[in-house]
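Below: one structure, written as structure tokens.
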Amino acid sequence: MLKAYQAHVAERSAIQLPPLPLSAEQVAQVVELLKAPPAGEAETLLDLIANRTPAGVDQAAYVKAAFLADIAKGIAKSPLISPEKAVELLGTMLGGYNVQALVALLETPMAAHAVKALSSTILMFDAFHDVDVLMKAGNAHAKKLIESWANAEWFTNAPVLAKEIKMVVFKVDGETNTDDLSPAQDAWSRPDIPLHAKAMLINKMPDGLKLIDTLKQKGLPLAYVGDVVGTGSSRKSAINSVQWFMGNDIPNIPNKRTGGVILGAKIAPIFFNTAEDSGALPIQCDVSKLNMGDVIVIKPYEGKVLNEAGDVLSTFELNPVTMPDEVRAGGRIPLIIGRGLTSNARKALGLPETTAFIKAAPAVSSTKGYTLAQKMVGRACGLPEGVGVRPNTYCEPKATTVGSQDTTGGMTRDELKELACLGFSSDLVMQSFCHTAAYPKPVDIKLQHSLPEFMSSRGGVSLRPGDGVIHSWLNRLILPDTVGTGGDSHTRFPIGISFPAGSGLVAFAAATGAMPLDMPESVLVRFKGTMQPGITLRDLVNAIPYAAIQEGNLTVGKQGKKNVFNGRILEIEGLPDLKVEQAFEFADASAERSANGCTVLLNKEPVIEFLNSNIVLMQNMIENGYEDARTLQRRIENMQAWLAKPELLTPDADAEYAHVIEIDLNEIKEPLVACPNDPDDIKPLSAVVGDKIDEVFIGSCMTNIGHYRAAAKVLEGSGSIPTRLWIAPPTRMDEAQLRDEGVYSTFGVAGARTEIPGCSLCMGNQARVADKATVFSTSTRNFDNRMGKDARVYLGSAELAAVCAKLGRMPSHAEYLETVGNKLANTAEIYKYLNFDQMTEYKAALDTLSSGKKVIPIAEVV
């Protein structure tokens, strides 16, 4: 075993990587060697068991915890590990499999050592009550332990955030998006943090990693600095990569780091929160006077950035005010869990609230009404009906629905293990395989085989490869006016509100059923007037940033960038009769605005229609063996309960907004497109006429079945087209219906390349367009190199995409209207959405529901 391991160490070392963490099988072999260690291998074996074994509820941790517990109890022996040392090592395993063993030791001669080990363990969860029972039964060691937790010694023993931090600037000018930090093409390697980190900035700054090595020779830690940092996807892998080069090792946790400092004039909200959760220090400040290689001094409590001479280069305010505590605790999530443990301990001892932690900013007092988002969050926090949460208030709303997709699912799994999660507290957690289904690598196939059982065994619902895009599925399972999150920036609920997050926060929400939130301000977008001929919903989506640009509240340039939406909630009114599928186009695109979340005010009729359809879909899933069936059955019953009394929250007439944008539909007379390569760079079609188009992509979560019918209508009779056309419907249900209707025949005649339902070109992690191609796409974003190397990408409607595919160039407005002609006049049929309760293929599921019987009985929890 040791020879094989040393060969692995050498192989990884040759490419400047540490060895992988040990597997359960390897730990089992290490255990046997520790019982009778070969000569000269003592140091290696101790390092392997102490520092190279995963923590939490990983299977390797299970083997380690069992062995160490046996030593502590005297059942097993090792000449290298005493019972005292065994208990000490158990205390480094975060939580999970080690906790039960340590709690049991409180009633043995090893109790004092167990107290010391557990005093720094915060992932106690239900085991806290076991300790409380022991204390109340007179166990002095249990009492000492609870007193330690009550005094927050797990926190106070950690170093405070320094008053001064001397660092070297590593600056990336302009915008750094998460594709730059965690390229989609390398998504397969994300769970292997050191390996994935080698791809950081490979497209944006090819010599970036060499420059990092050079700057480190100054002997100071590096600060990541940029004008705009972290836009785009909610990738914890982006933070992981930054921390790998600019953070600190976590004792006893292999291949993962914490800490680090990020300075940005604008830091995207999801990236900011993910940095918080990971123990980094994100600071928004003017960075114009900070240059690559500068030595700076950051004074976090004074809010100053100085040069070596003491001159002030920039000022800032730490936000949230609890940031020093978050850094001290190792991240926002450990702080939340630890504070909860301290609170429970103080209650058990009859003590008042602790003063050990910085208090969150108090809620802002106001006599004004509440926005729709504020009321949704208020309900999720258990406030009286109709009462909302004011902006800048810290809260922990119930996370009713949580989504996880495959290119972040491996990291979410690892985070769940570290959180010692063996069962989900969120009402519904969904896992998809939409990003890797089409062209899976061996590592993807391994994940597709192992992750479903991991999720469903904890009560989650796992989709199957080929089912389609997670958002198009998850939207069908959400409950109106509820709060949720997901490990993808486009987890944006069309009925309710979602605050997307990195995989760490997603794991926390899934495990605990709640999520931390500093309630953002809201921007209201109010539509009025009548849609004009040839204008689509995608044009209205693009009209939102276009209107902000006209106002001067959104700029395309990155230096000194203005973005009225950044970090706020986008609340949309004036389109109450949209179908829910249509509403999602607006919610989905709020990700490109760097908004924290989005609400769409709808009438209840489209919501009722949507839920009646989705209940049948879920029943069909149960009957086709999807797991966890009990979770699906529970969600069916919750939807039925809402339908029995269908009421939706509404904003108050006097609600306060940070900004209001009014958009007159009568004034939008031509299509609006996002120009290469910035989703904020919106221009009317007339501004880009004639640009040659090489490839066209119709797909992504921004599309629904109506878009494919419309595109096919435009293409009918065209024969072969001058562009390369890609077609990727969002779900297998859309694909099946389009095939039945003969729509795929039209695509075939046009020579289109039809992809398996899923993300396809949108993420660019598998299939990609040709280098330097000019592309028109219906997808979500068009960052540099996302869809193809040096590709130029326009974003717009499926209808305009079909015209571009047909002509091979950007048409004039007149050509667009002429090409579309009367082909899209029958809107009722073209834009008819999937209502499963009206489709013969789902009659069996409908009959089951009509009979009133349950396929899966729900046992009462005692």
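Read the figures in this text as sums done on the coordinates, not as results from a lab. This is a predicted model, so every value here is computed, not measured. Because the Cβ atoms are built from the backbone with ideal geometry, glycine has one as well, and the counts that use them run over all protein chains shown.
Tabulated data
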read-out	value
Angle between the chain longest axis and helix 127-136 axis [Cα atoms, degrees, rounded to 10]	40
Unsatisfied cross-links (Cα-Cα over 25 Å) in the set Lys77/Lys144; Lys236/Lys789; Lys143/Lys359	Lys77/Lys144; Lys143/Lys359
Cross-link pairs beyond the 21 Å C-alpha cut-off, checked among Lys73/Lys116; Lys210/Lys446; Lys198/Lys266; Lys266/Lys299; Lys398/Lys604	Lys210/Lys446; Lys198/Lys266; Lys398/Lys604
Ordering of 490-502, 704-716 by packing [mean C-beta count within 10 Å, highest first]	490-502, 704-716
Computed label-point distance, nm, for sites Glu302 and Glu353 using a 7 Å Cα→Cβ extension	3.2
Computed label-point distance, nm, for sites Val749 and Val556 using a 7 Å Cα→Cβ extension	3.8
Length gained when the stretch Asn822-Ser457 is fully extended (0.36 nm per residue, less Cα-Cα span)	126.2 nm
Compactness of segment 593-697, expressed as Rg and Dmax over alpha-carbon positions, Å	21.3, 55
Reduced Cα scattering model of segment 165-329, Debye log10 I(q)/I(0), q = 0.11, 0.17, 0.21 Å⁻¹	-0.39, -1.00, -1.58
Burial ranking of peptide ranges 465-471, 192-198, 505-511 (average Cβ count within 10 Å, highest at the top)	505-511, 465-471, 192-198
DSSP bridge pairs, the chain: antiparallel proportion in percent, nearest 5	30
Cα pair distances of segment 671-836 binned at 10 Å [whole percent]	11, 44, 36, 9, 0
Radius, Kirkwood style, for segment 738-862 when every pair of distinct Cα atoms is counted (Å)	18.4
Residues Glu662, Glu308, Glu735 arranged by fewest to most Cβ contacts within 10 Å	Glu308, Glu662, Glu735
Over the chain: helical MRE at 222 nm, DSSP H runs n ≥ 4 each giving -39500 (n - 2.57), nearest 500	-11500 deg cm²/dmol
Simple label model, 7 Å out from Cα along Cβ direction - Glu605 to Ser366, nm	3.2
Nearest 10 degrees, 0 to 90: helix 604-623 Cα axis against the chain principal axis	60
Packing-based exposure ordering (other Cβ within 10 Å, fewest first) of Trp473, Trp244, Trp149	Trp244, Trp473, Trp149
Helix 2-13 vs. the chain, principal-axis angle (Cα, 0 to 90°, nearest 10)	50
Least to most buried among Cys701, Cys381 (fewest other Cβ within 10 Å first)	Cys381, Cys701
Listed candidates (1) 239, 83, 46; (2) 102, 84, 67; (3) 86, 74, 64 - label of the one calculated as Cα extents along the principal axes in Å	(3)
Paramagnetic reach from Val660 (point 7 Å along Cα→Cβ, amide N under 19 Å) across segment 509-535	521-530
